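Accompanying notes for the structure given below.
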Amino acid sequence: MLTVISKGATLESMNEANTDVIQGTLDMLILKTLSLEPLHGFGIARRIEQVSKGVFKVNPGSLLTAFKRLERMGWLDSEWRETEKSRKAKYYSLTRAGRKQLDIETADWNRRVSAIARLLRFEA
Amino acid sequence: MSLWRQFSGGLQALVKRQTADQEITDEISHYLDEATAAFVARGLSPDAARRAARKELGNVTSLRQEVRGYGWENRIETFLADLRHAARWLLANRGFTAVSLIVLALGIGATTAIFSIVEGVLLKPLPYPHSEQLVSLRHTAPGVGIPDLNMSTSVYLTYREEGRVFQNVALSTGGSWAVTGLGEPEKVPGRVVSHDFLDTLRIQPELGRQFTAADENPDGERTVMLTDGFWRSKFGGDRAALGRHIVLDGTPWTIVGVLPPSFEFMDRKISLLVPFRFRRADVTVLGFCCDGIARLKPGVTLAQANADAARVLPLATEKFPMNPGWSPTTFQDARIAPRLQLLKDFLIGDLGKTLWVLMATMSIVMLIACANVANLLLVRMDERQHELAVRAALGATAGRIVRSLLLESVLLGLLGGALGLALAWIALRILSASTLMNLPRMHEISIDPAVMAFAFVLSMLAGLLFGLIPALKYARPRTAAGLRSEGRSLTAGRERQRARDFLVAAQVSLAMILLVGAGLMIRTFHALRHVDPGFSGAARLETMQVGIPDTVQGTEQIVRMEEAILRKLEAIPGVSSAAAISALPLNHDQNDPIYAEDHPERKGEIPPARRFKHVSPGYFAAVGSRLIAGRDFSWDDNYSRIHAGIVSENLARELWGNPAAAIGRRIRLNPKDSWYEVIGVVADLHDDGVDRNAPTMVYWPLLQRNADGHEDVVRGLYYIVRTPRAGSEALVRDLQTAVTSVNAKLPVADVNTLQSIYDKSLARSSVTLMLLAIAGGMALLLGIVGIYGVISYSVSLRTREIGIRMALGGSLEKVTRLFVREGVAMCGIGLIGGFTGALLLTGLMKSLLFGVNSADPLTYAVAAAGLMVAALVGSYLPARRATKVDPVEALRAE
């Protein structure tokens, strides 16, 4: 599950704040994003960027590979559909198993975040 | 679920690769469009937006590769691509591929053929249920000097009734019967068995019933079981044969059952089984007539079985009376003890050692083949430096290059393995067609799945082995050096040369081991050939067995009929002499102790057993056995029941110091017996094989009377005629006519020349010799090829150096010597390794050697000299080419 996501920061981002997605969380972010509605690849990337207020920028290569992996795991379904601009795009949607996986990953994440928070407080 | 999706998704992508690729391309281009649109929305110009989007996405091709690279199916694709590449490379280098394939096919074929024999003979279980429980009830009697003894009826009954470790015990012995009334009279082989014989083997009859205790009653009906083959050939597979009579030795027997087609026992030819017919009241302690087998209870070990057998064995003397004339303590005095063995081990005997030596031999051939191919590959690799450097420069990782190089060599290995398997199949066909090898369980040897798996694993391993050396050596990217197109002329050759030198030295070492092995076998064979077996001109001696049927009664009548047969045989044109013996030379016979008058035995001691054979007058002259002192028997001696014997030279020396002194001494068979006079002494006979010591022997006349007036005769004598026509079909017909002219119901069996019996006794040595010689020859040849290859490559690499040397005035001779010295040095290093290896390994074949020490200096010297000469030839030929180099050309060359 823990996949290295960020594949070399671009020149641009090196001068700016770190926008890499936290290791191992890309799957969860994709699943969460899709839990609201089916979306295509760019839509998902854009949504993550917007909702995180630009904190996270998704690497397209990682994203597209993640789709393949999640599809193989049975958590995503895909279908080619017309977009609102009447172009064909591959839309991803969450399967029942994907929903379950999202719950698991969210719970897992919360557990870790609160643990880290506790640790940081303790250090302070 | 997810595993299934992984699999089916991957499979779909694999099958519909193009669709899958198109989808990825479409998705990426859509992503790019959307990103562009987003930048436009932020106010960038379409062109600038496009550029920005491209920048965000990075290199589209590598992105596509990255996305495409996910999933197991890509591994397969890469693999298939590498495989295609490997196949193309092998096809492009046809010369190399052909040579490597031939070398590998020979190595793998030879190893696989021997393995299939090892598997069929040594590894496979015997064809009975739970055959690991079956033991052969062998004994030993050190008190009378008999190391391996079979079993008596009394011991059989004792084990049966008193043993605690056996599920079943059975007794059997070979026999043959004249079958009449079913076409030509014929002598057929079979076994006399106790009623529980088939139960012990867990074999059910195909038809009818098996024997019961009632069949053993000598007053009951005579019953017989037929084997499937005999039943089909004589009764055409007719079920009505059950209950019918068959005439054996003139007496009708009732057929009660037919054995299944798969039935076999200890590789014997068997057409029928008849029950032992005996009265328990008549059973005496002695009479070691038969082979015993038993089935152990589950979980009982051989050691436990032997312990239990040792416990119950002495009970035999309490349960049964001693034979008349023998001391009641004979059994104890002979120190008879059990020596139970697994039935399979008994069947195989000491063949295992021979087979493992052959297996080791072929493994060495295999290693040499691998070293050879590795060497060829190394040379090829040098030429591929450029290609590999280009691949590395294009981004292939070292791992990927190693993988693709290994794939090439494994592919080569597997192709060689397939050819080798075909070779092994042919070799086995030839081997099983020739009677030379005469192996037990020969018919169980075949190319079965186990053998195929062996060949497969062997080829894989070989491919990895010879591929790994060059792959590891060259996969390290040496881009800069490699890309320089004239990499060859650099003097970096030394280091690369070292791997090849090492491989050649290793080949020489292994070849040395094989040559020493072959040399030792040649010396062994030579020594065996020079042992005087105790007969001469065996190629002109035709032998056959004729059984006098039960219808002829009276000992004198039987012997007179035997004399009549001999007279007829003598009259055959071209026959110079004819004689008869109870068991042919090299075919053993019974062993019994003799008591010499002037060697009074101590109390509680039995003199050693001697081999007994009964011979007709004129036997020694006919087979060319020297009469050293005294005289031969005459027909008058026979009919007058002379109390006399002829002893072998070694027995005469043992008892009386010299042959002449033996004449007139008296011997007897037991302390109550009457005396027999020694009337002659003959040369020793190597009856147990020429590689064994000649047993001490006593020859008796055909007609003999014991102290109690009982007369002994042999009904199934072997007849020997000396004639230059031996081995011809015409002679066999003449022999048959001569025999039937005495009595039309006399069957002739086992027609053979004594030479073929002698050859068979040497078969194991000759086959081992042949295979070792072939292996040694191959090793020598491959060694020469290896040295030749390395030296000629070294010459081609150093053309420029040679040019310089010659230009500076170096003589042709000096340059040649330079390269020859290199080859000789490699060979020298190899010989040191070979000496050590040979000393270690040939110790293992000690049991196969005769008349030669496994560290025989002559053999070692000749093998080393042979290899040295080979090295000289192998390096001189290419070195001479170096001297043909024109200095001007060489210097300009690069």
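Details
- Filtered residue count, region B:793-805, keeping only those that are polar (S, T, N, Q), under 13 Å from B:Asp382 (Cβ atoms) and either in contact with a His (Cβ under 8 Å, 6 or more places away or on another chain) or in contact (Cβ under 8 Å) with a residue 12 or more places away in the chain (or both): 1
- Of note, B:Pro129 satisfies the criterion of being over 19 Å from B:Ala307 (Cα atoms), surrounded by fewer than 20 Cβ atoms within 10 Å (Cβ to Cβ) and at pLDDT 85 or above.
- All conditions in (1) within 14 Å of chain A (Cβ to nearest Cβ); (2) in a helix (DSSP H, G or I) hold for B:Ala98, with the sole exception of (1).
- Only a single criterion out of (1) assigned to a helix (DSSP H, G or I); (2) charged (D, E, K, R); (3) surrounded by 15 or more Cβ atoms within 10 Å (Cβ to Cβ); (4) at pLDDT 75 or above is not satisfied by B:Arg498, namely (3).
- Which numbered condition B:Leu157 fails, given (1) crowded, with 22+ Cβ neighbours inside 10 Å; (2) at pLDDT 90 or above; (3) within 24 Å of B:Ala303 (Cα to Cα); (4) not acidic (Asp, Glu): (1)
- Hits in region A:21-68 (condition: of a type outside the set (A, V, I, L, M, F, W, C) and facing chain B (nearest Cβ under 9 Å)): A:His40, A:Gly41, A:Gly43, A:Arg46, A:Lys57, A:Asn59, A:Pro60, A:Gly61, A:Ser62, A:Thr65, A:Lys68
- In this structure, B:Glu56 does satisfy being facing chain A (nearest Cβ under 10 Å), outside any loop (DSSP other than H, G, I, E, B) and surrounded by 19 or more Cβ atoms within 10 Å (Cβ to Cβ).
- Flag for B:Leu781 being closer than 22 Å to B:Gln497 by Cα and at pLDDT 80 or above: yes
- Taking the listed residues B:Tyr793, B:Tyr788, B:Tyr718, B:Tyr758, the one that is of a type outside the set (A, V, I, L, M, F, W, C), part of a helix (DSSP H, G or I) and in contact with an Asp or Glu (Cβ under 9 Å, 6 or more places away or on another chain) is B:Tyr793, with no other qualifying.
- Here A:Arg81 fulfils each of the conditions (1) more than 8 Å from chain B (Cβ to nearest Cβ); (2) at pLDDT below 85; (3) touching a helix residue (DSSP H, G or I) at 6+ places or on another chain (Cβ under 6 Å) apart from (3).
- Checked against (1) crowded, with 17+ Cβ neighbours inside 10 Å; (2) without any contact (Cβ under 8 Å) to a residue 24 or more places away in the chain, B:Lys884 passes all but condition (1).
- Listed conditions (1) surrounded by fewer than 19 Cβ atoms within 10 Å (Cβ to Cβ); (2) of a type in the set (S, T, N, Q); (3) farther than 26 Å from B:Ala453 by Cβ; (4) in contact (Cβ under 8 Å) with a residue 40 or more places away in the chain are all met by B:Ser363, apart from (3).
- Check on A:Ala97, at pLDDT 85 or above and facing chain B (nearest Cβ under 10 Å): yes
- In region B:674-687, the residues that are crowded, with 17+ Cβ neighbours inside 10 Å and either more than 41 Å from the chain's Cα centre (by Cα) or part of a strand (DSSP E or B) (or both): B:Tyr676, B:Val678, B:Ile679, B:Gly680, B:Val681, B:Val682
- Residue check for B:Arg705: in contact (Cβ under 8 Å) with a residue 40 or more places away in the chain, basic (Lys, Arg) and in contact with a helix residue (DSSP H, G or I) (Cβ under 7 Å, 6 or more places away or on another chain): no
- Just one of (1) crowded, with 18+ Cβ neighbours inside 10 Å; (2) over 28 Å from B:Met521 (Cβ atoms) fails for B:Thr354. It is (2).
- Residues considered: B:Leu407, B:Leu428, B:Leu436. Of these, the only one that is touching a Leu at 6+ places or on another chain (Cβ under 7 Å) and either farther than 21 Å from B:Ala371 by Cα or modelled with pLDDT of 85 or more (or both) is B:Leu407.
- Options B:Arg202, B:Arg164: the member that is in contact with a helix residue (DSSP H, G or I) (Cβ under 7 Å, 6 or more places away or on another chain), touching a residue at least 40 places away in the same chain (Cβ under 8 Å), surrounded by fewer than 21 Cβ atoms within 10 Å (Cβ to Cβ) and not hydroxyl-bearing (Ser, Thr, Tyr): B:Arg164
- Of all residues in region B:215-260 being loosely packed, with under 14 Cβ neighbours inside 10 Å and small (Gly, Ala, Ser), the one that is nearest to B:Ser194 (Cα to Cα): B:Gly220
- From the options B:Leu106, B:Leu80, B:Leu90, B:Leu63, residue that is part of a helix (DSSP H, G or I), facing chain A (nearest Cβ under 10 Å), on the phi < 0 side of the Ramachandran plot and among the aliphatic types (A, V, I, L, M): B:Leu63
- Among (1) among the charged types (D, E, K, R); (2) in contact with a Gly (Cβ under 9 Å, 6 or more places away or on another chain); (3) farther than 12 Å from B:Gln545 by Cα - the single one B:Arg715 does not satisfy: (3)
- Applying a threshold of 9 Å to beta carbon distances and a minimum spacing of six or more residues, or different chains, the list of pairs starting in region B:36-55 at a residue that is aromatic (Phe, Trp, Tyr) and ending at one that is surrounded by 14 or more Cβ atoms within 10 Å (Cβ to Cβ) reads B:Phe39/B:Ala49; B:Phe39/B:Arg50; B:Phe39/B:Arg51; B:Phe39/B:Ala52; B:Phe39/B:Ala53; B:Phe39/B:Glu56.
- Verdict on A:Arg81 being assigned to a helix (DSSP H, G or I) and of a type in the set (Lys, Arg): no
- Checked against (1) farther than 30 Å from B:Gly399 by Cα; (2) away from chain A (no Cβ under 11 Å); (3) in contact with a helix residue (DSSP H, G or I) (Cβ under 8 Å, 6 or more places away or on another chain), B:Ser45 meets all criteria but (3).
- Long-range neighbours under 9 Å by Cβ, at least six apart or interchain, first residue more than 15 Å from A:Ser86 (Cα to Cα) and more than 7 Å from chain A (Cβ to nearest Cβ) within region B:15-33, second aromatic (Phe, Trp, Tyr) and in a helix (DSSP H, G or I): B:Leu32/A:Phe42
- Exactly one residue out of B:Val647, B:Val575 is modelled with pLDDT of 90 or more, more than 28 Å from B:Leu149 (Cβ to Cβ) and under 40 Å from the mean Cα position of the chain (by Cα), and it is B:Val575.
- Among the candidates B:Thr36, B:Thr19, B:Thr78, residue that is among the β-branched types (Val, Ile, Thr) and modelled with pLDDT of 85 or more: B:Thr36
- Residues in region B:162-196 that are among the β-branched types (Val, Ile, Thr) and modelled with pLDDT of 85 or more: B:Val165, B:Val169, B:Thr173, B:Val179, B:Val188, B:Val192, B:Val193.
The values are calculated or read from the model by the stated rules, or taken from the named source; none is laboratory data. Model, not experiment: these values are computed from the prediction. As a convention, Cβ positions derive from the backbone with ideal geometry for all residues, glycine included, and neighbour counts pool all protein chains shown.
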